[in-house]
Amino acid sequence: MNSDSDLAALYAGLEAADLQPLWTITDELLTPEPRPAAVPWLWPASTMKPLAREAIRLVPVERGGERRVLALANPGLGGRPYAVGTLWGALQCLGPREVAPAHRHTPSAIRFVLEGAGVWTTVDGDACDMGPGDLVLTPSMQWHDHTNAGDSEMFWFDGLDLPIVQALDGVFFEPWPGPGSSQSPATEHNRSETRYRARYTDGSVTDALSAQPSDLLIYRWAETDAQLERLARASDDALIAVEYTDPRTGASVLPTLGCAVHRVRGRSAPVRRAGNAVYVVFRGAGESVVGGRRFAWEPGDMFAVPSWAAVEHASDGADLFVLSDEPVLRALGLNRRQIVVEGALP
Ligand code: 1HN
């Protein structure tokens, strides 16, 4: 005969045997829709920049620390240094004449430049000059270091798939073995850009490859802006979007990371998607409602859009850089999207 004490003994036995009964945990495992721990959140440039300047004054960039990076730590993630559950987002800064040493790692990264000049990121020997609005890729396991040869401070947004690679227990890291702490200064800069122009604009046909990073490592703001202009002229939509793609295959720039720019000119329709995103305000001011929370923003602000939170924007004219994990969800057949009928913005 069953009794309460038999049941209690069963649960104690299960716990002692490192077993858990599914029937007690179904509701937290199989939620009707995603319940990200990360919350909608905004990090204002007006808070981040003075702290970054103090860090430039007080903390040198050298072997060991390697990078002067302020990680967006979403308050919903219990102190973990991630902007959303699957994405690292950060403000990185480099003072005049500083060099951040070379290393490589399995997580892939993107840089989106906010301000500064005279800086390049060397990616496997190719020095990629960086200016505001440019997107630079550092694909998995490619050596990279950052050089500020100029007299001004440089600020950029760093995005990495680190939480994804960590969840897969696939993190490997290596410092540059030398000689020196960084790759020898390349005499020729922007090699991937030059090669891209020669190879992809002559009409030649190439094979599609899957799960490869783009071999174009830098995307110039002037071209992004021109594409947005072209689309904006052809549409009345409040939100115009361009996604950065591998020119060879049309795939996302990195196997795990999707990058886009959204140009907002009016009030966009509320949309929600499975998958996380981090937004970086590049130009203009406005406001967004993310999962019911309203955020006013201006250039340099960064905000987290956790999975399945409805997001809508309003602005007279703004460009938002968007980093997402969408390629991962797409590759796994998990991408879902819904246009929400009732918006929150007036
Ligand atoms: C990294 O290598 C960089 O190379 C920036 O600039 C941020 C965050 C976590 C792990 C590696 C960089 C990073 C990072």
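Readers should treat all values here as calculations from the given coordinates under stated rules, not as data from a laboratory. Here the structure is a predicted model, which is why all the values come from computation and not from measurement. Virtual Cβ from ideal backbone geometry, glycine too; neighbours counted across all protein chains shown.
Structure summary
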{"quantity": "Set of the range 234-277 residues, backbone N closer than 16 Å to the point 7 Å along the Cα-Cβ line of Q227", "calculated": "234, 240-255, 257-264"}
{"quantity": "Residue among A277, A251, A117 farthest towards the positive dipole end of the chain, charges placed on Cβ", "calculated": "A117"}
{"quantity": "The range 1-138 - percent relative contact order, Cα under 8 Å, separation 6 or more", "calculated": "15"}
{"quantity": "Estimated distance in nm for a label pair at I25 and D124, the labels positioned 7 Å out from Cα along Cα-to-Cβ", "calculated": "4.1"}
{"quantity": "Estimated FRET transfer efficiency when R0 is 41 angstrom, pair D18-A269 (beta carbons, to 0.05)", "calculated": "0.30"}
{"quantity": "Contour minus Cα-Cα distance for D151 and T194 (0.36 nm per residue)", "calculated": "12.8 nm"}
{"quantity": "Lys/Arg +1, Asp/Glu -1 at C-beta; the chain dipole; positive extreme among T24, L14, G95", "calculated": "G95"}
{"quantity": "GluC sites (Glu not before Pro) restricted to DSSP loop in the range 1-96 with at most 13 other C-beta within 10 Å", "calculated": "E62"}
{"quantity": "Among S235, L345, T138 the positive-end extreme of the charge dipole of the chain (Cβ point charges)", "calculated": "S235"}
{"quantity": "Loop sites in the range 256-346: GluC sites (Glu not before Pro), DSSP, at most 15 other Cβ within 10 Å", "calculated": "E342"}
{"quantity": "Per DSSP, loop trypsin sites (Lys or Arg not before Pro) in the range 262-346 with at most 14 further Cβ within 10 Å", "calculated": "R336"}
{"quantity": "Segment V171-E342, length gained on full extension (0.36 nm per residue, minus Cα span)", "calculated": "57.4 nm"}
{"quantity": "Order of T26, T122 - criterion: other Cβ atoms within 10 Å of each residue's Cβ, fewest first", "calculated": "T26, T122"}
{"quantity": "Rounded if a/c under 1.5, otherwise prolate or oblate - the range 246-346, Cα gyration tensor axes", "calculated": "oblate"}
{"quantity": "Residues H146, H262, sorted so that the one with the fewest Cβ neighbours within 10 Å comes first", "calculated": "H262, H146"}
{"quantity": "Full-stretch length increase - S184, A37 - with 0.36 nm per residue and alpha-carbon distance subtracted", "calculated": "48.6 nm"}
{"quantity": "Two-site FRET efficiency, A8 against R80, from Cβ-Cβ distance with R₀ of 30 Å, rounded to 0.05", "calculated": "0.25"}
{"quantity": "Neighbour-count ranking [beta-carbon atoms within 10 angstrom, fewest first] of V341, V59, V69", "calculated": "V341, V59, V69"}
